[in-house]
Each structure stands twice: as C-alpha cells, then as structure tokens.
Amino acid sequence: MNLKDKKILILGLGISGVSTVKALDRLGARITISDVKTEDELKEYIDQIRDIDVKYVLGTNDVSVENIDLIVKSPGVPSDLKVFKDANLKGIQVVTDLELAYRINPNGNIIAITGTNGKTTTTTLTGEYFKKAGYNTYVMGNIGVGVLWNMVNSKAKDIFVIEASSFQLHNTFTFKPKISLILNITPDHLNWHKTLENYIDSKKKIFINQSSEDYTVLNYDDSLLRSMEGEINSNLIWFSVNSKLTRGIYIEDGYIVIDDGNEIQRVIKTEEVRILGKHNLENALASVAIAWIMGVDTEIIREVLKTFPGVEHRIEYVDSIDRVQFFNDSKGTNSDASIKAIEAVDSPIVLIAGGMDKGTEFDDFILAFKEKVKALILLGETKEKIKKTALKHGFENVFMVNDMEEAVKKSFQLAQQGDNILLSPACASWDMYDSFEDRGNDFKKVVYRLKEEQNG
C-alpha cells in the first residue's frame, strides 16, 4: 500500500495513535492529528513524536476533512461524531490501525484474538509459545502496544499476536488474519455499539474475510459462537472445557488434549496449569489451539503453561496484611469478567467494585456472590446503580466510598484473617482513571501504603 504524500487524519492520540504517527511518517504520509484533549493533557504522547512534522487540531472533535485522503481512528473514539458524517459525505474511508496494518502487510503471520473476556491473558500466553519456540514475535494491539509501528519494522517470518477489541474491528473492511480466535461473547460496550447485535457484528469481522487457507478458533461452550459455524469460510477448530470433541482441544481424564481427528495427544495435566480459574483454563485451551495450528512443539507448550503466571491486573496477587490477601483484578471491566474473578478467588471475599457506566445491568454480577462475597465496597459512577441492584437481590452489606484509598481501608476494616480483598470493578475505569492499568496501580499503591502503616 503506497501512502507517500497521502493526507491522513489521525483521530485520537494515545498509544495506538503514537504508533500510527511513527509508521505513517516512515511511509511518507502527510499527517494531521486531532484529539478532544488539550496539548497539556497529551504531553506524554506528543513528546514521543516531537521530531515528526505533523499538524495538530487539539481540544475539539470538530475538525475539517477537506483534502483528507484517509482517516485513521483510534479505537475508543466514538463512532457517531460529526467528522465521520462529513467523511462519509465526501467518500473518505475511516479505518483503525488494525485495518491499516493488514493493508501494509497482507501476507504477514497475523494471529488475531478477540472476545469479551480473556483477550489479554490469551494473547500474552500465545505470544510466550512463539517466543520460546524462537520466533521473532510481536504481541500487540488492545493489550497496550501499538500495531502499526511494529508492522512497518517487521520481517516476513515474524509472528504478530494481536489483541483485537470490538472498537478496532468495527472499522475494518479487508482485515484477514491467518488465525482468528473468539473466546466468548457477552454484552459489553453497549454505550458505544448501541446494540448487542452491533457489538456481535463487530466481533465477527475478525473472521469474515478469511478463506480456506486460514483458521478460525472458537469456544464450543459458547452457544452464540456455535451458532456462527455456518458463517465460517476457513478451517474451524473448536476448544471446550466441558465437552469431548471429535476434533479440537478439550479436557480428558484431567489432561488438556489435542485431538486431530485421528490421534489424541496429551499436553499437560490441568492441575499443572499455573494460572487460576476455569476461565483461565478456557484461555489456555484456546492458546494451545493456536500453537498447535502453527506447529509449535508440544513440549514447549507444556513448559509455558507450567510457568506462565498470568498478566498484571487480572486476578493479580498483590500482598498480604495480617493474613488478609489482596488481589488486583482491575481488568475486570464488565460483569462477566468480574464473575470469573469471584469464582477463581477463595471465599470469604470483600469485593471492591464500580466505575464508568457502559449501559449494562448488574443482576448476574450480584447473583454470582452467593455465599462467597461477604461485603461490597462501591465507588465511581455506577455505585448507586450497583447498590440498587444488590439491595433488589437481598444483598445488604454494601458500603459507598469516594476513592480507592477509602475503598481499600474500608475493605481491610471489614476483613478478618483468612479473608480475601478483591478489586474487580465490573466496570470501565474512565470515570476516575485514564485506564484500568492506572486504576490497578492505584489500588496496589494504596495496599502497599496500608501495609507500611500496619507494620509501622
């Protein structure tokens, strides 16, 4: 794809925006950057591209598309802005970095992973197989690493393991990975996609352009994914925690096994997989499917699964104070993710939750407490909404706080020796923090300060 002297508008200057600017500059494009944030708010990103000649339109979403050839939209930018309507009227295509990366390198070894939950863990784990097998491997995408800069600096045999969000997939048109994976689909980001159908359609874009030379990996235990079988044009590989399959990756006699339709190969005992919880077992099976398709040696797969500790901010053990353990699950940004965290952590649990309202309900979240959650600490934009839902279902041990420090101190006050304090918000972070990483780091800092105070 020749982008030399093309006039490209980049909407949103975050991690992906910086990567896109650097890549487009390398390819000779003429770049305009627009972001609703001010120069001061974007300083850490602007500092990374100070040597690149770009035009800035900051502090507003109202930017002209006159003489623009292409718009590259950062994933989280709302899709209903006036600038997109203007672009449509002028026939200017709007894409994400994911689409542009494929156009730049259509023959690349692209592995794309999506799903409502488990994306980051599965993406990171999959990357570890290839690294250990000696491949030059890029783990990137929604995981917090921009796609384009790595893509333009890559070589033909390099492996790209990409965490693809629904936001990124929404504005793709030709994107065609060698392997696509959907882990699960439950309602999420409905404030952005408006309907569940729109959200599902965005997820489907990960496989929609694939052909018979490609592979699609799906979770057999997800009925919605099973219903998509007739839409798959590639080689379909299932994985399942609950069912024995005629071909695919499943569990038999306490082992993760690979069944190619002719021979069953044991990979590892499930109890030897280091990461906690049934949901992580699903992530492990999905990652094994990808590694198997790509021909990674089983011994390498086994070694990685035995040692992989999980990812930061996903049921991450933080510390223990007076025999009370603290777990950081800030990446639990929806109810389903937080339910999985509750299931994975031993009871009794003092749970810290709440954050930005994404337009979803919290009934299933509260019902998952059962006898495991003894107290609920709420903060953020959704705290009243979650409290109302908790009371509706008869859970009354609810406490409202204003910030993370108050949340941690209140939870520790309520906890007894042997209890676990779990931050799993079931909500996005953007009402109080720039990212779930910032929220998780704040939680950890407060826990460490509390330990110093207790020991002091």
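The values are calculated or read from the model by the stated rules, or taken from the named source; none is laboratory data. Nothing here was measured: the structure is a model prediction, and the numbers come from that model. In this analysis, Cβ positions are derived from the backbone assuming ideal geometry, glycine residues included, and neighbour counts consider all displayed protein chains.
Applying the condition of being acidic (D, E) and more than 10 Å from I321 (Cα to Cα) to segment 438-456 and asking which residue is surrounded by the most Cβ atoms within 10 Å (Cβ to Cβ) yields D442.
Among the residues of segment 41-64, those identified as surrounded by fewer than 14 Cβ atoms within 10 Å (Cβ to Cβ), of a type in the set (D, E) and assigned to a loop (DSSP other than H, G, I, E, B) are D51, D53, D62. There is no residue in segment 74-93 that is in a strand (DSSP E or B), within 30 Å of Y215 (Cα to Cα) and either of a type in the set (K, R) or touching a residue at least 40 places away in the same chain (Cβ under 8 Å) (or both). In segment 101-110 there is no residue matching the filter, namely being assigned to a helix (DSSP H, G or I), among the charged types (D, E, K, R), in contact (Cβ under 8 Å) with a residue 60 or more places away in the chain and within 30 Å of K306 (Cα to Cα). Just checking, does segment 335-351 include any residue being under 19 Å from C427 (Cβ atoms), assigned to a loop (DSSP other than H, G, I, E, B) and in contact with a Leu (Cβ under 9 Å, 6 or more places away or on another chain)? Checked segment 335-351: at least one residue is under 19 Å from C427 (Cβ atoms), assigned to a loop (DSSP other than H, G, I, E, B) and in contact with a Leu (Cβ under 9 Å, 6 or more places away or on another chain). Screening K358, K374, K385 for residues that are closer than 30 Å to G76 by Cα, touching a helix residue (DSSP H, G or I) at 6+ places or on another chain (Cβ under 9 Å) and in contact (Cβ under 8 Å) with a residue 24 or more places away in the chain leaves exactly one candidate, K358.
Hey, does segment 45-55 have a residue that's free of Cβ contacts under 8 Å to residues at least 24 places away in the same chain, under 27 Å from E163 (Cβ atoms) and not small (G, A, S)? Yes: segment 45-55 contains one or more residues that are free of Cβ contacts under 8 Å to residues at least 24 places away in the same chain, under 27 Å from E163 (Cβ atoms) and not small (G, A, S). Here the condition is being under 29 Å from the mean Cα position of the chain (by Cα) and touching a residue at least 24 places away in the same chain (Cβ under 8 Å); of G28, G17, it holds for G17 alone. For N88, the test of being surrounded by fewer than 17 Cβ atoms within 10 Å (Cβ to Cβ) and within 14 Å of T32 (Cα to Cα) is failed. Could you tell me whether any residue of segment 278-293 is in a loop (DSSP other than H, G, I, E, B), farther than 19 Å from D221 by Cβ, of a type outside the set (S, T, N, Q) and touching a residue at least 60 places away in the same chain (Cβ under 8 Å)? Scanning segment 278-293, I find no residue that is in a loop (DSSP other than H, G, I, E, B), farther than 19 Å from D221 by Cβ, of a type outside the set (S, T, N, Q) and touching a residue at least 60 places away in the same chain (Cβ under 8 Å), so the answer is no. Does S287 count as under 19 Å from the mean Cα position of the chain (by Cα) and either within 30 Å of F160 (Cβ to Cβ) or modelled with pLDDT of 95 or more (or both)? Yes. As a summary of the residue check, K73 satisfies the conditions (1) in contact with a Lys or Arg (Cβ under 6 Å, 6 or more places away or on another chain); (2) modelled with pLDDT under 95; (3) among the charged types (D, E, K, R) except for the one numbered (1). Restricted to segment 156-247, the set of strands (runs of 3 or more DSSP E) holding at least 2 residues that are under 14 Å from E99 (Cα atoms) and outside the structural domain of G332 (by TED's automatic domain parsing) comprises 159-163.
Please indicate, with yes or no, whether at least one residue in segment 331-344 is of a type in the set (V, I, T), within 23 Å of the chain's Cα centre (by Cα) and farther than 27 Å from L450 by Cα. No, segment 331-344 has no match at all.
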